[in-house]
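Working notes, beginning with the structure itself.
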């Protein structure tokens, strides 16, 4: 695959940020003034395999960065459970004015975090006694003595 030029990189990054072909092309190629020419040239750039591949990879990477993964969620729940996080609340200071205060996470929220962590690690499972009964077939049909 051919390497991208600096201008192609600039176009691709701007296109990822804005989603606008002509504006992105004009940022990367400032000598182009007409929207129609920028749109046509930008569309042509998007058909190039190296540019399209770069954009697809960057979008996938940005998507992964924006979604919390399993470890991040477990770390957050653990920090809530341990009381390491705070939450913000409004506090009245008189005459209708309010201030934002940081307060400790409530016991209810810490218990919920502990419950979610416990479910994740299968700490509380309901055990059920299941008996395996195998049927026994008895052949008690008399044989005909004809």
Original post:
Before we move on, is residue 27 part of a helix (DSSP H, G or I), closer than 30 Å to residue 113 by Cβ and either in the same structural domain as residue 113 (by TED's automatic domain parsing) or in contact with a helix residue (DSSP H, G or I) (Cβ under 9 Å, 6 or more places away or on another chain) (or both)?
Top reply: no
Original post:
How about segment 44-67: which of its residues are in a loop (DSSP other than H, G, I, E, B) and surrounded by 10 or more Cβ atoms within 10 Å (Cβ to Cβ)?
Top reply: 48
Subject >> Given (1) on the phi > 0 side of the Ramachandran plot; (2) at pLDDT 90 or above; (3) surrounded by fewer than 12 Cβ atoms within 10 Å (Cβ to Cβ), number of the condition residue 83 does not satisfy >> reply: (3)
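The values are calculated or read from the model by the stated rules, or taken from the named source; none is laboratory data. Owing to the predicted nature of the structure, the values given are computational and were not obtained by experimental measurement. With ideal geometry, Cβ positions are generated from the backbone for all residues, glycine too; neighbour counts draw on all protein chains shown.
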